[in-house]
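Read through the structure below, which is laid out as structure tokens, and then see the notes.
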Amino acid sequence: MIEAIVEYEFLQNAVITGLLIGLVAPLLGVFIVVRRLSLIADALSHITLTGIAASLLIEKRVSAVDDWNPMYMGMAFSVLGAVFIEKLRKVYKHYEELAIPIMLSGGIGLGVILISLADGFNTDLFSYLFGSVTAVSRGNMWTVAVITTLVVIIVLMFYKELFVLSFDEDHASIAGVNARFVHFLFIVMVALVIASAMQVVGILLVSALMTLPVASALRMSVSFRQTIGLSVLFGEISVVIGLISAYQLDVPPGGTIVMAAVVLLMISMLYKKFRSGLFEKGEKV
Amino acid sequence: MAQEPLIELEDVSFKYDRNWVVENVNMTINEGQFVGLVGPNGSGKSTLIKLMLGLEKPVRGHIRLFGKEVKKFNRWQEVGFVSQKANSFNSGFPATVYEVVRSGLVSRMNMFQLFNHNHKNKVLETLREVEMEEYARHSIGELSGGQQQRVFIARALVSDPSLIILDEPTVGVDSEHVTAFYDLLAKLNRERNLTLLMVSHDIGTITSHATHVACMNKTVHFHGSTEDYENMDDETLSLMYGHSLQQLTHNHEGSSL
Ligand SMILES: Nc1ncnc2c1ncn2[C@@H]1O[C@H](COP(=O)(O)OP(=O)(O)OP(=O)(O)O)[C@@H](O)[C@H]1O
Ligand SMILES: [Mg+2]
């Protein structure tokens, strides 16, 4: 595969984009998981699909628009969806989680209509749903690189605010943290990363790449920093194994990446069992 | 010493949905005081504290912290808080004791400021004060309830606030550490002029440490020095209070714990 990567630009694009996503998706995933917002990632990925459908339709119907990159429209929808979810969460204060099924089903419903109108049920769509090793362009790759850099910088700059907000919201407010601003910034970053990750893992499996590595990391880490480090490590391992096997088996990388993450999760669960088993034996001695 | 009022409540009332929980509370807490807030379950003590901290907004009345309306207050580094439900946090949260206590410094720091060596020393020093330094690298979720509570007390102390509000901070803490904790508070109160407001059902300990006592049941019925409180006869107490507190005072008289 190494020779193929050297030879083919599309493979370089996929691998580099994959590695960037393997870093940034679990990085945000840690905050998503500990704040119990996992479903928001799902809702946003479905709205991204709506954006892609809209883009396909416009490309088809408006002759002036040619070869539009649907990723950007997906991003726009994802970010707007994030803003709208926050609004809904305020309206249904006591049923905050209602915002998620509303957006998720609304996104799919509109998406299906738009895709049908664009006659879009074809291979292209398949690669948006489950990812693709061949569809990532140079331009996409650079966009993802810029987003990754921005997200990493923002997470570093707001690390302490994000930590306080995740651990104890009341304390965040008393510590003078502008919770609304930080939360908004966070949710917009999530929206952008979801749309970025779509190229490689596919819309249906983006949220898995954000949460599975974190689930594995939680099994073995003590500190928050360690959780972040291990999550990113597991994310990268999943992406590398997933991309190689997708290329060899000629299947969509979304499936292989997520299955690699699932295997890692199982290993981490065994690790915990194994360790506590050792501990019990040690105590008896 | 000039006694600046740190907390001022003026005709404060609050309700959840339909039920008035706090009614016409007037109270001033001055710099250097150690105020014990007592009252039966459901009397609105925790709610009153949330109002003071701006976590809930009063339906009527005014609340000022350090002379400023809570809404516009921004010197949060001066205020420490230990909540009643400190151990209702997500106990699977992956953070060490060290990381949790360090988060108490956020109010002292600028937006983009990173943690440095001074912060580290401060955190370890504060952990020593609550005798938790050996647990610094432990995950917060694996500690006992009482140990967790001591960590949250450290988080409130770490930013060197001049006012600390504590809502039943010693629930689940064993008697040895409760004594050590009250001694620490009394010392900070004496030496650093730290102002304290503490909710507690342990009236014995409150009266032996606090300088002032406030009794509330929806509204504040008594607020005065600990001496005046102790000199009050049972009849007056029950008149303004109902018998819940009576039982509490009798319990206290009957036991030395
Ligand atoms: N979030 C809430 N929504 C609705 N009602 C509430 C809420 N929190 C408290 N209450 C009600 O307000 C009243 C006062 O509650 P509060 O927690 O302030 O009492 P408390 O004096 O702190 O009691 P305790 O000694 O048990 O801690 C209670 O009747 C309670 O049922
Ligand atoms: Mg209470």
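Can you tell me which residue within the stretch B:139-191, out of those that are part of a loop (DSSP other than H, G, I, E, B), under 17 Å from the mean Cα position of the chain (by Cα) and not hydrophobic (A, V, I, L, M, F, W, C), is surrounded by the most Cβ atoms within 10 Å (Cβ to Cβ)? Residue satisfying both the conditions and the ranking: B:P169. All of A:F186, A:F130, A:F126 fail the test of being surrounded by fewer than 17 Cβ atoms within 10 Å (Cβ to Cβ), more than 14 Å from chain B (Cβ to nearest Cβ) and either closer than 30 Å to B:R155 by Cβ or aromatic (F, W, Y) (or both), apart from A:F126.
The residue that is modelled with the lowest pLDDT, among those in the stretch B:196-212 that are closer than 21 Å to B:L65 by Cβ and out of contact with any Lys or Arg (no Cβ under 7 Å at 6 or more places or on another chain), is B:A210. The single condition among (1) farther than 29 Å from B:F152 by Cα; (2) without any contact (Cβ under 8 Å) to a residue 60 or more places away in the chain; (3) surrounded by 24 or more Cβ atoms within 10 Å (Cβ to Cβ) that A:S216 does not meet is (1).
Could you please let me know if A:E59 is more than 21 Å from the chain's Cα centre (by Cα) and of a type in the set (D, E)? Answer is yes for this residue. When the criteria are applied in full, A:V262 fails the requirement of being more than 14 Å from every other protein chain (Cβ to nearest Cβ), of a type in the set (A, V, I, L, M) and crowded, with 20+ Cβ neighbours inside 10 Å. The residues in the stretch A:213-228 that are within 20 Å of A:S38 (Cβ to Cβ) and more than 7 Å from chain B (Cβ to nearest Cβ) can be counted, and the count is 8.
The set of residues in the stretch B:143-180 that are of a type in the set (V, I, T), within 16 Å of ligand 1 (Cβ to nearest atom) and touching a strand residue (DSSP E or B) at 6+ places or on another chain (Cβ under 8 Å) contains only B:I165. Just for the stretch B:16-34: of the residues that are in a strand (DSSP E or B) and near ligand 1 (Cβ under 9 Å from one of its atoms), which one is nearest to the other protein chains (Cβ to nearest Cβ)? So, considering only residues that are in a strand (DSSP E or B) and near ligand 1 (Cβ under 9 Å from one of its atoms), the one nearest to the other protein chains (Cβ to nearest Cβ) is B:Y16.
Look at the stretch A:157-170: where a residue is within 7 Å of chain B (Cβ to nearest Cβ) and a partner is part of a helix (DSSP H, G or I) and of a type in the set (F, W, Y), sitting 6+ places away or on another chain with Cβ atoms under 8 Å, you get A:F163/A:F224. Checked against (1) within 10 Å of another protein chain (Cβ to nearest Cβ); (2) at pLDDT below 90; (3) surrounded by 15 or more Cβ atoms within 10 Å (Cβ to Cβ), A:N178 passes all but a single condition, namely (3). B:V123: surrounded by 16 or more Cβ atoms within 10 Å (Cβ to Cβ) and either in contact with an Asp or Glu (Cβ under 6 Å, 6 or more places away or on another chain) or within 25 Å of B:K50 (Cα to Cα) (or both), yes or no? Spelling it out, it is not the case that B:V123 is surrounded by 16 or more Cβ atoms within 10 Å (Cβ to Cβ) and either in contact with an Asp or Glu (Cβ under 6 Å, 6 or more places away or on another chain) or within 25 Å of B:K50 (Cα to Cα) (or both). Where helices (runs of 4 or more DSSP H) fall wholly inside the stretch B:35-138, the ranges with 2 or more residues that are more than 9 Å from chain A (Cβ to nearest Cβ), within 16 Å of ligand 2 (Cβ to nearest atom) and touching a strand residue (DSSP E or B) at 6+ places or on another chain (Cβ under 7 Å) are B:45-52. Checked against (1) closer than 16 Å to B:V123 by Cβ; (2) out of contact with any Pro (no Cβ under 7 Å at 6 or more places or on another chain), B:I153 passes all but condition (2). Looking at the stretch A:211-255 only, could you name the residues that are within 18 Å of A:I194 (Cα to Cα) and among the hydroxyl-bearing types (S, T, Y)? Hits for the stretch A:211-255 are A:T211, A:S231, A:S238.
Residues in the stretch B:20-62 that are among the hydrophobic types (A, V, I, L, M, F, W, C) and in contact with a Cys (Cβ under 7 Å, 6 or more places away or on another chain): B:V38 only.
Here the stretch B:192-217 is the region considered, the condition is being in a loop (DSSP other than H, G, I, E, B) and more than 14 Å from ligand 2 (Cβ to nearest atom), and the residue that is surrounded by the most Cβ atoms within 10 Å (Cβ to Cβ) is B:A210.
Looking only at residues in the stretch A:88-100 that are part of a helix (DSSP H, G or I) and without any contact (Cβ under 8 Å) to a residue 12 or more places away in the chain, which one is surrounded by the fewest Cβ atoms within 10 Å (Cβ to Cβ)? Out of the qualifying residues, it is A:H94.
Scanning the stretch B:159-176 for residues that are within 16 Å of B:A214 (Cβ to Cβ) and within 16 Å of ligand 2 (Cβ to nearest atom) yields B:I165, B:L166, B:D167, B:E168. Within the stretch B:16-32, restricting attention to residues that are buried (at least 23 other Cβ atoms within 10 Å of the Cβ) and more than 13 Å from ligand 2 (Cβ to nearest atom), the residue that is nearest to B:E191 (Cα to Cα) is B:I29. Being away from ligand 2 (no atom under 16 Å from the Cβ) and over 22 Å from B:P94 (Cα atoms) is true of B:A180. Here is a list: A:D124, A:D119. Which entry is of a type in the set (D, E, K, R), in a helix (DSSP H, G or I), modelled with pLDDT under 95 and over 22 Å from A:L37 (Cα atoms)? Only one candidate passes the filter, namely A:D124.
The values are calculated or read from the model by the stated rules, or taken from the named source; none is laboratory data. Bear in mind the structure is a predicted one, so any value in this text is a computation, not a measurement. As a convention, Cβ positions derive from the backbone with ideal geometry for all residues, glycine included, and neighbour counts pool all protein chains shown.
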